[in-house]
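Chemist: I am attaching a structure below and will ask some questions about it afterwards.
Each value in this text was obtained by applying a stated rule to the coordinates, not by laboratory testing. As the structure is a computational prediction, the values presented were derived from the model and not from experiment. Cβ coordinates were reconstructed from backbone atoms using ideal geometry, including for glycine residues, and neighbour counts include every protein chain displayed.
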Amino acid sequence: MLTSLSTTIYRRPWLALLLLLAPPLAYMLVFYIAPLGVLLLNSLWRLDDFTGQVVREFTFQNYLALLQPANLEIFLRTALMATAVTIACAIIAFPLAYYVVRYASPRWKGFFYLAVLLPLWSSYLIRVYAWKLILAKEGIITWFFEQLGLSGLLEAVLSIPAIGGPSLSFSSLGMFFVFVYVWLPYMILPVQAALERVPRSLLEASGDLGAKPSTTFRYVTLPLAMPGVIAGSIFTFSLTLGDFIVPTVLGNSSFFIGQAVLSFQGSSGNIPLAAAFTIVPVIVMIVYLLIAKRTGALEAL
Amino acid sequence: MKASLGLKAAAFAALAFLHVPLLIVLFYAFNVEEAAFTFPPPGLTLNWFAVTLQRPDFWRALGLSLQVAAVATAIALVLGTLAAAAVHRTRFFGRETISLLLLLPIALPGIVTGIALRSSIGLFEIPFSFWTIVIGHATFCVVTVYNNALARFRRMSKSLVEASMDLGANSFQTFRYVLLPELATALLAGAMLAFALSFDEVIVTTFTAGQQQTLPIWMFAQLTRPRQRPVTNVAAFIVIAITTLPIYLAYRWTSRTTDVH
């Protein structure tokens with residue numbers, strides 16, 4: 001029985017393909033693409049202010065609401081944070097990845113690989129919480145600055161309007177540290193993978209042709225490592241765009257996209273507006289992915 | 001050639017940056033203090049371990065998270081392996097589209113998946129349950145299994161399968177006795193990753209869980225509205241302990257086989 005079934009399938013490659021592909025494709029269509037469609041549909045409906053019910057009539061009022069200054073500010077704040085976090089992650093990740101790929105012995109390579117993965121897999125919330133402890137007013141960083149006699153410096157930084165706050169654990173600066181910390185491994189791994197793929201022969205050729213190591217780095221290594229950086233930036237950028245945990249735990253009352261979506265959906269039950277709000281990061285990320293695809297970065301994921 | 005001192009320092013500083021906060025959170029589990037985060041802690045105690053282990057809500061959340069992660073991983077294992085097999089054996093079919101489709105749930109912000117599922121749950125009036133949580137998790141777990149399985153398929157030599165068929169095995173026997181053993185470690189690594197992702201997920205879960213609390217949801221509630229603050233420290237300690245060991249083991253198993261190129 002099995003053998004004849006096997007033969008039937010073997011003779012018809014398209015049937016085998018269909019059987020293999022149908023379950024994962026069906027799952028993704030039903031539980032991912034269809035809900036995205038529902039989301040898009042919802043963003044074109046509206047909430048009746050009196051009954052609190054969703055009215056299924058097409059309207060662009062949610063999208064017009066996005067243009068209100070308060071909402072534009074939320075998008076801008078989130079996008080700025082995501083950009084800053086991505087750049088900082090790239091700057092910290094690159095030397096680490098470069099050192100591991102170019103100079104570390106195989107033993108150390110394994111150690112580094114594990115050392116980057118471990119924090120990634122030890123709970124995200126716990127890593128955020130760790131920083132809440134570190135950044136708290138009575139916490140370790142304040143203590144450290146006191147020991148060094150630099151409390152004044154910390155105060156000065158915290159008094160800068162846009163990035164400061166009552167303490168590091170309630171400031172944009174603190175939030176920035178935490179975002180960089182939690183997403184850093186997502187940058188290190190693809191950059192490391194890209195650097196691994198830079199052929200040594202190219203580096204030798206560049207050297208043979210008389211390039212100084214810094215020239216080789218600038219014109220050979222860096223361009224070839226860029227797809228890795230872009231691949232990493234997809235994660236760091238997207239994860240920051242959609243996060244509501246870090247702004248809730250460390251932020252002040254100014255909203256990020258994730259918090260706004262959560263509150264529209266939760267307390268006011270306004271799913272249409274929440275839906276329209278999420279369409280913005282979706283469009284941003286799709287454009288980002290299309291650009292990344294052209295650089296070949298998606299192959300590096 | 002030796003690395004410059006600056007490069008070495010930058011690399012090890014980044015490594016320290018990744019690990020020192022975890023050590024600090026482990027250390028705080030022994031803190032006697034109840035309200036603040038004063039450093040250095042006024043004293044150390046094991047008392048809060050006892051308190052945490054007696055909290056039924058902690059155990060419920062841990063139990064639910066383990067169950068959800070197990071089921072989501074099982075779904076991801078089946079779907080991810082099938083998709084990888086399909087994409088591996090055909091060159092012409094819209095394989096790029098399929099890769100992109102599977103990648104989307106992790107490339108788009110989690111809040112998108114969350115609110116999309118939430119609005120569908122609302123539209124079709126589906127009651128919140130264990131399964132609404134699992135479905136949300138499985139969508140982004142599939143890609144980890146898929147990536148690992150596909151990479152292993154690419155390294156496998158076609159001749160093994162052909163030899164098996166020549167010796168009279170049917171497709172199912174070939175899968176069971178030839179492909180599966182070859183795939184096993186890759187699937188294990190993919191499954192570990194999927195399990196870890198699901199066990200840790202909070203953003204999507206916020207939208208797809210009704211009253212039920214997975215461990216991350218419970219932790220988040222502890223962070224924003226703590227009932228006993230030191231319990232959070234101990235819970236953090238326990239979670240780090242139970243995630244670190246399996247990950248280390250998985251790494252040891254898979255690195256032994258994958259390092260042979």
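Chemist: What's the FRET efficiency of B:ARG155 with B:GLN54 using the Cβ-Cβ distance as r and R₀ = 56 Å, to the nearest 0.05?
Modeler: Calculated value: 0.70.
Chemist: How large is ³J(HN,Hα) for each residue in region A:156-173, as worked out from phi by the Karplus curve 6.51 cos²θ - 1.76 cosθ + 1.60 (θ = phi - 60°), to whole Hz, x for Gly and Pro?
Modeler: Whole-Hz 3J(HN,Hα) from phi for region A:156-173: 4, 5, 5, 8, 5, x, 6, 9, x, x, x, 8, 4, 7, 10, 8, 5, 5.
Chemist: Taking H placed 1.01 Å from N in the peptide plane, check which residues at least 5 places from B:ASN31 or on another chain put their amide H under 5 Å from its amide H.
Modeler: Here the answer is B:THR45, since their amide H atoms fall under 5 Å of that of B:ASN31.
Chemist: When the Karplus curve 6.51 cos²θ - 1.76 cosθ + 1.60 is applied with θ = phi - 60°, which whole-Hz ³J(HN,Hα) does each residue of region A:16-27 get, with x for Gly and Pro?
Modeler: Once θ is set to phi - 60°, the couplings for region A:16-27 become 4, 4, 4, 5, 6, 7, 4, x, x, 5, 4, 4 Hz.
Chemist: Which shape class, rounded, prolate or oblate, goes with chain A when its Cα gyration tensor gives a ≥ b ≥ c as root eigenvalues, a/c under 1.5 marks rounded, and past that a/b bigger than b/c marks prolate?
Modeler: oblate
Chemist: To make sure I understand, if each residue's beta carbon is the centre and we count other beta carbons within 10 Å, what order do A:CYS89, B:CYS141 fall in, fewest to most?
Modeler: Listed from fewest to most nearby Cβ atoms, that is A:CYS89, B:CYS141.
Chemist: Based on the Cβ-Cβ distance of A:SER254 and A:TRP108, what FRET efficiency does E = 1/(1 + (r/R0)^6) give at R0 = 56 Å, to the nearest 0.05?
Modeler: It comes to 0.85.
Chemist: If you don't mind, there's one more thing I want to ask. So, R0 is 30 Å and r is the distance between the beta-carbons of A:TYR10 and B:GLU96; what FRET efficiency does that work out to, to 0.05?
Modeler: FRET efficiency, A:TYR10 to B:GLU96: 0.70.
Chemist: Residues with amide H under 5 Å of A:ARG46's amide H, sequence separation 5 or more or different chain, H placed in the peptide plane at 1.01 Å from N; which?
Modeler: Long-range HN contacts for A:ARG46: A:VAL55, A:GLU57.
Chemist: Here's another thing I want to ask about it. Starting with the highest mean, order A:38-44, A:14-20, B:23-29 by the number of other Cβ atoms within 10 Å, averaged over the residues of each peptide.
Modeler: Result, highest mean Cβ count within 10 Å first: A:38-44, B:23-29, A:14-20.
Chemist: So, one more: Would you mind computing, in nm to one decimal, how far apart the modelled labels at A:LEU202 and A:MET226 are, each placed 7 Å from Cα along Cα→Cβ?
Modeler: Taking the simple label geometry, A:LEU202 and A:MET226 are separated by 1.2 nm.
Chemist: Could you count how many Lys pairs in the protein assembly as shown have their Cα atoms under 22 Å apart, skipping same-chain pairs fewer than 8 positions apart?
Modeler: Lysine pair count for the protein assembly as shown: 4.
Chemist: Quick one: work out Rg over Rh on the C-alpha atoms of region A:147-237, Rh as Kirkwood radius.
Modeler: Rg/Rh: 1.23.
Chemist: Using the Karplus curve 6.51 cos²θ - 1.76 cosθ + 1.60 with θ = phi - 60°, what ³J(HN,Hα) values do you get for each residue of region A:95-112, in whole Hz, with x for Gly and Pro?
Modeler: x, 4, 4, 5, 4, 4, 6, 7, 10, 6, 6, x, 4, 5, 4, x, 4, 4
Chemist: Now a separate question. How would you rank A:PHE244, B:PHE17, going from fewest to most other Cβ atoms within 10 Å of each one's own Cβ?
Modeler: Listed from fewest to most nearby Cβ atoms, that is B:PHE17, A:PHE244.
Chemist: Let me ask something else about it. Take A:MET81, B:MET156 and order them by how many other Cβ atoms sit within 10 Å, fewest up front.
Modeler: B:MET156, A:MET81
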